[in-house]
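The values are calculated or read from the model by the stated rules, or taken from the named source; none is laboratory data. Computed from a prediction, not measured in an experiment: that's the story for all the values here. Note that we place each Cβ from the backbone using ideal geometry, even for glycine, and neighbour counts take in every protein chain shown.
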Amino acid sequence: MGRLHNKNSNLSSERARFTMNIHTVSTTPYPDQRPGTSGLRKKVKHFQQPHYLENFVQSLFDCLEEMTGETLVLGGDGRYYNPEAIQIILKMAAANKVGRVLVGHKGLFSTPAVSCVIRRCKAFGGIILSASHNPAGPDGDFGIKYNVGNGGPAPESVTDAIYTLSKKINRYLILEAEDIPLDTLGIFTLGEMTVEVINPIADYAELMEELFDFDRIAALFDTGVFHMYFDAMHAITGPYAKDILEQRLGADPNTVLNGEPLPDFGGSHPDPNLVHAKSLVTKMYRANAPSFGAASDGDGDRNMILGRRFFVTPSDSLAILAANAHHIPGYRLGLAGIARSMPTSQAADRIAGALGIECFETPTGWKFFGNLLDAGKATLCGEESFGTGSDHLREKDGLWAVLFWLNVLAVRRQSVESIVREHWTHCGRNFYSRHDYEDLPAELSQRLIEDLRKQLPKLKGKHLGHREVILADDFSYTDPIDHSITTEQGIRLCFEDHARIIYRLSGTGTEGATLRVYLETFEPNPDQHNQETQVALADLIQIADHVAQIQQRTGRSQPSVIT
Ligand code: G6P
Ligand code: ZN
């Protein structure tokens, strides 16, 4: 099998000199630059307002003065406005005395690959340009996120400080210079700063080869009976998947679907779930469907896993990866612990119990896993929102999850469905679904949550349907490492039979508000494992509506998206 190694060593040492001319540009603050769950996300047109991007970037540099002379990693998911934003940030980095920027070829970098390069190159931090799974194009979304030296998203103390500075900014610094030719791998200078245009795949692919048994996965593809599709959804993972799956592992040349990153992601919504990855789902439910299907999102950190006519929920996927970690070279020595976001199902807790390791429950947002990973308390992490990852990076990682599953399949030589069903037989099944009510008026959804909060004291101990509520609260998290406290992270109703209803407002939208209702029941009896999820959850769905009066308040008879 031919494995391509595109190591950066073949960088041309072409150098270009640019004249030193730093401008101080007067500006006035924008009041809305508070980063959300995953960075600052707004409509492209919002970012294109005069000085909007520059204000945020300058606030970031002002906040992180220690970056002087240090190395920064920079790249984005290729969405509309990515190339322009990269050039602006490079010139501002040069004016703000950054020492060196490692920028992805053509300005591209998946989110997990940025995390990988920050760690491998011991960079000070990184800037990722992405709005993840949100649609792109001139009328779509754009985003900017800062990651710190451990490779993970900046903690709230940093993002809050950037926001505070953005509210009083009055100038920004930018170097007047020609654009860096991002199409050319090589080393350039911008004022006093070095810019290295690097292969954005090489370090990441090497890390994957260290973690997984590539020969064993290649042998699975060599059998000729195992086929898969990977839907890159015209976003960042196309080149990564082609390099790793098709070239290094020898999968069929037509394995990667929609592999060409496009500035508008082909007009689609690059969110790997049953709704937005419909064409992959259709292919996987056909009579002659391949054995395995997967998809990733705009910036490459999310994943969806499918077997032949079978969907693996992200919550189950986390639990099953944990149960099978001993098959994987990178995790053979065992897991320190598992961490899941609060709304993610409790399937992970069950396998953690069986393995005798701890399971941590954190607020939604990958950044909350950072401390647990750094402290060696958790090895695997996962979220219901199609995010899975481990201590190999400080971001969730779409292709990593796909390779993990492939390695498990290569060892166990069973179908995805039989692996999942065996898992349920051993651990019980957590039926799980999320109902989203999108684009609600912000005030209405805020009031709905506030009214739920007021109801909490009298909900505890109450019988709803045949279940008793044993815990009713607004989730608050005390980080076990730095003891920081994060409050108001979602209304939880927990029942005595391990069922749960959770209400939360999304922190990643750019328009209106999205109410998320997370529903979960636990079924130990294998005879009951074949029920359809929405049927198994039917009574809980009714209770969830009754308690929060969703239909009545929103005028919606059903959720906009069910996953
Ligand atoms: C992003 C974050 C995740 C989070 C997800 C859902 O993908 O990286 O950590 O779980 O958004 O967030 P939301 O606030 O929209 O439910
Ligand atoms: Zn993403």
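Filter the range 281-304 down to the residues that are buried (at least 20 other Cβ atoms within 10 Å of the Cβ) and either of a type in the set (Phe, Trp, Tyr) or within 16 Å of ligand 2 (Cβ to nearest atom) (or both) and list them by number.
Phe292, Ala294, Ala295, Ser296, Asp297, Gly298, Asp299, Gly300, Asp301, Arg302, Asn303, Met304
Looking at the range 49-72, can you tell me whether even one residue there is in the same structural domain as Gly107 (by TED's automatic domain parsing), modelled with pLDDT of 95 or more, buried (at least 20 other Cβ atoms within 10 Å of the Cβ) and part of a strand (DSSP E or B)?
yes
Across the range 486-530, what is the number of residues that are in a strand (DSSP E or B), under 14 Å from Tyr437 (Cα atoms) and out of contact with any helix residue (DSSP H, G or I) (no Cβ under 7 Å at 6 or more places or on another chain)?
5
For the range 489-513, give me each residue that is of a type outside the set (Gly, Ala, Ser), within 27 Å of Phe142 (Cα to Cα) and either modelled with pLDDT under 95 or away from ligand 1 (no atom under 16 Å from the Cβ) (or both).
Those that are of a type outside the set (Gly, Ala, Ser), within 27 Å of Phe142 (Cα to Cα) and either modelled with pLDDT under 95 or away from ligand 1 (no atom under 16 Å from the Cβ) (or both): Thr508, Thr510, Glu511.
Please find, among Thr478, Thr486, Thr508, the residue that is crowded, with 19+ Cβ neighbours inside 10 Å, outside the structural domain of Ile144 (by TED's automatic domain parsing) and polar (S, T, N, Q). Please lay out each step first, then the result.
On the way: Thr478 fails: crowded, with 19+ Cβ neighbours inside 10 Å; Thr486 fails: crowded, with 19+ Cβ neighbours inside 10 Å.
After applying the criteria, what remains is Thr508.
Please determine whether any residue of the range 237-252 is part of a loop (DSSP other than H, G, I, E, B) and under 18 Å from the mean Cα position of the chain (by Cα).
No, the range 237-252 contains no residue that is part of a loop (DSSP other than H, G, I, E, B) and under 18 Å from the mean Cα position of the chain (by Cα).
Taking only the range 281-306 into account, find how many residues are in a strand (DSSP E or B), within 16 Å of ligand 1 (Cβ to nearest atom) and not polar (S, T, N, Q).
Qualifying residue count, the range 281-306: 3.
Sort through Leu249, Leu185, Leu245, Leu190 and tell me the only one that's in contact with a helix residue (DSSP H, G or I) (Cβ under 9 Å, 6 or more places away or on another chain) and surrounded by fewer than 23 Cβ atoms within 10 Å (Cβ to Cβ). Reasoning before the result, please.
Values: Leu249 fails: surrounded by fewer than 23 Cβ atoms within 10 Å (Cβ to Cβ); Leu245 fails: surrounded by fewer than 23 Cβ atoms within 10 Å (Cβ to Cβ); Leu190 fails: surrounded by fewer than 23 Cβ atoms within 10 Å (Cβ to Cβ).
The unique qualifying residue is Leu185.
Checking the conditions here, which among Ala536, Ala548 is surrounded by 13 or more Cβ atoms within 10 Å (Cβ to Cβ), more than 16 Å from ligand 2 (Cβ to nearest atom), over 30 Å from Lys42 (Cβ atoms) and in the same structural domain as Ser433 (by TED's automatic domain parsing)?
Checking each option against the conditions leaves just Ala536.
Name the one entry in Leu515, Leu519, Leu493 that is farther than 19 Å from Lys454 by Cβ and surrounded by 22 or more Cβ atoms within 10 Å (Cβ to Cβ).
Leu519
Yes or no: Gly224 more than 30 Å from Tyr81 (Cα to Cα), without any contact (Cβ under 8 Å) to a residue 60 or more places away in the chain and not acidic (Asp, Glu)?
So Gly224 passes the test.
Determine the pairs where a residue that is farther than 19 Å from Lys377 by Cβ, located within the range 469-487, has a partner that is of a type in the set (A, V, I, L, M) and not in a loop (DSSP other than H, G, I, E, B) with Cβ atoms under 6 Å apart, the partner being 6 or more residues away or on another chain.
Matching pairs, first to second residue: Val469/Leu459; Val469/Leu493; Ala472/Leu456; Ala472/Leu459; Ala472/Leu493; Asp474/Ile491.
Could you check the range 181-210 and list, in sequence order, the residues that are in contact with a strand residue (DSSP E or B) (Cβ under 8 Å, 6 or more places away or on another chain) and outside any strand (DSSP E or B)?
Pro181, Leu182, Asp183, Thr184, Leu185, Gly191, Asn199, Pro200
Tell me which residues, restricted to the range 452-466, are surrounded by 12 or more Cβ atoms within 10 Å (Cβ to Cβ) and without any contact (Cβ under 8 Å) to a residue 40 or more places away in the chain.
Arg453, Leu456, Lys460, Lys462
Does Pro35 satisfy the condition of being modelled with pLDDT of 95 or more and not polar (S, T, N, Q)?
Judged against the criteria, Pro35 is not a match.
Residue check, Lys278 against (1) more than 14 Å from ligand 1 (Cβ to nearest atom); (2) surrounded by 21 or more Cβ atoms within 10 Å (Cβ to Cβ), all met but one. Which one?
Result: Lys278 fails condition (2) only.
Given the range 370-435, what helices (runs of 4 or more DSSP H) lie entirely inside it while holding 2 or more residues that are more than 15 Å from ligand 1 (Cβ to nearest atom)?
Once the helices (runs of 4 or more DSSP H) in the range 370-435 are filtered for at least 2 residues that are more than 15 Å from ligand 1 (Cβ to nearest atom), what remains is 398-412, 416-427.
Please verify whether Tyr229 is of a type outside the set (Val, Ile, Thr), touching a Lys or Arg at 6+ places or on another chain (Cβ under 8 Å) and surrounded by 21 or more Cβ atoms within 10 Å (Cβ to Cβ), treating the condition exactly as stated. Quick ask: steps written out before the conclusion?
Values: of a type outside the set (Val, Ile, Thr): yes; touching a Lys or Arg at 6+ places or on another chain (Cβ under 8 Å): yes; surrounded by 21 or more Cβ atoms within 10 Å (Cβ to Cβ): yes.
Judged against the criteria, Tyr229 is a match.
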